[in-house]
Amino acid sequence: MSPGALALSIIFGIVFVGSCAGFLAAKKRQLNLEEWAVAGRGLGVILVWILMAGETFTAFSVLGISGWIYSKGGPTLYVLVYLTLGQILCFFIGPPLWEFGRRHGTQTMADFFGRRYGSTFLAGFVALAGVVFLVVYLQLQVTSLGIIVNVASFESVGRTPAMFVATVVVAAFVLVSGVRGIVWVSVLKDFLLVFVAFLVGTWIPYAHFGGIGAMFAAVEQAKPGHLTMPGATTNYGHSWFISTVLMNCLMFTWPHFFGGVFTAKSGEIVRKNTILMPLYMLPLALIIFAGCAAILVAPGLKNGDLALLTAVRKTFPPWILGVIGGAGALTAMVPAAVQILTASTLLAKNVYRPLFSPAMSEDDIGRVARVAVVVITAVALYLSVHSSTTLVGLLLLAYSGVGQFAPGIVLGLFSTRVTARGILCGLVTGLSVTGVLVFTHNDPVSGINAGLVGLLANIAVVVGVSLVFPLRPENSMASSAEQTGG
């Protein structure tokens with residue numbers, strides 16, 4: 001058997017085992033919308049941790065981080081900072097959000113906005129915007145799957161066929177098992193991710209340089225300043241680093257964060273999850289070590305996203321490459337499944353039902369959501385095939401967009417004075433400013449992350465509009481009662 005065929009067989013075997021876990025997870029359970037979308041709100045602390053880790057630590061954690069340290073250098077370290085600081089914010093946001101969801105039966109981010117601000121239009125706008133950014137994030141996972149299979153098979157399998165097969169499998173177990181299936185695939189994925197991180201982060205530096213310290217010394221000698229700010233870039237300096245950390249630590253603004261929170265049995269489980277989550281920084285640091293080694297082990301790559309797997313191919317036998325590729329594939333498939341499920345639920349419940357069939361039952365919403373799974377998967381696959389954006393570029397774009405939801409979430413939980421009109425105007429302003437800056441290639445702006453510039457404009461508009469057009473007394477009382485559970 002050729003090296004490519006051996007590695008590919010192992011990847012497919014791991015994906016097969018993970019997919020079987022997904023298909024069997026919901027067996028003997030009534031898969032209504034509540035069970036499909038939020039697992040009946042019955043997951044304990046370990047399963048919530050595994051689910052939230054599966055959502056947070058994606059294919060970007062394997063290929064994107066190593067690719068950026070390879071091509072950009074020091075600015076990549078923002079990842080370790082924002083993922084840790086983000087859990088501090090989630091510690092305070094998660095439990096009251098869970099309580100809101102329990103009291104009002106909310107299943108999506110748009111449900112929260114619609115119920116809190118009493119505006120179906122705002123809920124629909126949030127749902128559509130959320131779907132757009134989820135598709136961007138989903139594109140990252142699908143692109144990663146193509147890279148993994150292509151490199152691990154020694155280019156014997158093209159990216160497009162690999163992406164097609166993988167997305168079909170992901171869509172299938174989302175349709176059959178819902179979020180509970182995703183949790184059980186995450187169990188295997190997390191075990192393999194930790195194993196792979198320790199393997200590549202320690203052995204690649206040791207095999208080629210004699211140790212991690214010697215590796216850093218060799219990289220600094222070959223490329224002085226590459227691992228400090230601004231690395232191999234000219235505009236990703238300290239201002240960009242700080243502003244990007246501030247923007248990306250708003251992790252609670254992702255639509256699938258809401259779904260993850262709502263699966264928990266209690267708010268205390270959500271809080272404990274945020275305490276445990278930073279443990280995942282340890283494997284990510286090891287992935288960065290492997291990416292640093294790849295700078296000298298696999299020099300001259302035009303696409304940094306290929307760095308880790310190319311270094312692995314030059315260091316390990318094919319069967320180890322297969323294990324690493326399989327772990328990477330599951331690391332892409334799990335968050336892809338979460339994103340597909342979340343986006344399809346948003347479309348069915350918060351866009352299709354209000355516009356076309358307000359009297360739809362929960363079962364009808366579930367059926368429409370399953371159709372949306374197919375549509376969203378097809379769109380993400382098309383974009384992945386026809387886009388050349390790097391993995392980190394996709395991630396930064398998505399975070400800049402979803403961060404604009406932050407004022408509506410924070411003020412919705414902790415203030416009774418903000419208005420639906422203010423939130424909508426602020427959201428439109430923030431998205432517009434960010435979009436113009438990003439798509440006119442003005443990100444960063446004088447070293448500042450474009451998303452943060454948009455967010456500051458967003459907050460200013462929310463405050464200004466809410467002061468000029470305040471809540472009427474009866475609406476203010478309703479909002480206050482809602483927040484206190486009255």
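The values are calculated or read from the model by the stated rules, or taken from the named source; none is laboratory data. Computed from a prediction, not measured in an experiment: that's the story for all the values here. Cβ placement follows ideal geometry from the backbone for every residue including glycine, while neighbour counts extend to all protein chains displayed.
Laid out as a table, the results:
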read-out: Criterion: crowded, with 17+ Cβ neighbours inside 10 Å, farther than 30 Å from Ala460 by Cα and of a type in the set (A, V, I, L, M) - qualifying residue of Val373, Val385; value: Val373
read-out: Every residue from segment 100-115 that is surrounded by fewer than 17 Cβ atoms within 10 Å (Cβ to Cβ) and either of a type in the set (Lys, Arg) or modelled with pLDDT of 95 or more (or both); value: Arg102, Arg103
read-out: Meets criteria (within 16 Å of Gly326 (Cβ to Cβ), modelled with pLDDT under 85 and either out of contact with any strand residue (DSSP E or B) (no Cβ under 9 Å at 6 or more places or on another chain) or outside any loop (DSSP other than H, G, I, E, B) (or both)) for Gly22; value: yes
read-out: Residue ID - surrounded by the most Cβ atoms within 10 Å (Cβ to Cβ), chosen from residues in segment 260-289 that are over 17 Å from Gly86 (Cβ atoms) and small (Gly, Ala, Ser); value: Ala264
read-out: Selection status of Ala298, surrounded by 24 or more Cβ atoms within 10 Å (Cβ to Cβ) and under 19 Å from Gly210 (Cα atoms); value: no
read-out: Residues being surrounded by fewer than 23 Cβ atoms within 10 Å (Cβ to Cβ) and at pLDDT 95 or above - total across segment 393-410; value: 3
read-out: Qualifying residue in segment 181-189 (condition: modelled with pLDDT of 85 or more and surrounded by fewer than 17 Cβ atoms within 10 Å (Cβ to Cβ)); value: no
read-out: Condition met for Gly366 (assigned to a helix (DSSP H, G or I), crowded, with 24+ Cβ neighbours inside 10 Å, of a type outside the set (S, T, N, Q) and out of contact with any Lys or Arg (no Cβ under 7 Å at 6 or more places or on another chain)); value: no
read-out: Candidates Tyr382, Tyr399, filtered to the one that is out of contact with any helix residue (DSSP H, G or I) (no Cβ under 9 Å at 6 or more places or on another chain), assigned to a helix (DSSP H, G or I) and within 25 Å of Gln139 (Cα to Cα); value: Tyr382
read-out: Residue within segment 307-316 that is under 19 Å from Pro75 (Cβ atoms), surrounded by 24 or more Cβ atoms within 10 Å (Cβ to Cβ) and either without any contact (Cβ under 8 Å) to a residue 40 or more places away in the chain or under 21 Å from the mean Cα position of the chain (by Cα) (or both) present; value: yes
read-out: Among (1) of a type outside the set (Val, Ile, Thr); (2) modelled with pLDDT under 95; (3) within 22 Å of the chain's Cα centre (by Cα); (4) crowded, with 18+ Cβ neighbours inside 10 Å - the single one Leu97 does not satisfy; value: (2)
read-out: Test result for Gly211, farther than 30 Å from Val17 by Cβ, without any contact (Cβ under 8 Å) to a residue 60 or more places away in the chain and either surrounded by fewer than 17 Cβ atoms within 10 Å (Cβ to Cβ) or touching a strand residue (DSSP E or B) at 6+ places or on another chain (Cβ under 6 Å) (or both); value: yes
read-out: Filter result for the condition that a residue is crowded, with 24+ Cβ neighbours inside 10 Å and assigned to a helix (DSSP H, G or I), over Gly54, Gly124, Gly40; value: Gly54
read-out: Residue that is nearest to Val312 (Cα to Cα) [pool: residues in segment 214-231 that are surrounded by 19 or more Cβ atoms within 10 Å (Cβ to Cβ) and under 29 Å from the mean Cα position of the chain (by Cα)]; value: Leu227
read-out: Search result, residues across segment 127-144 that are surrounded by fewer than 24 Cβ atoms within 10 Å (Cβ to Cβ), under 19 Å from Ala162 (Cα atoms) and more than 11 Å from the chain's Cα centre (by Cα); value: none
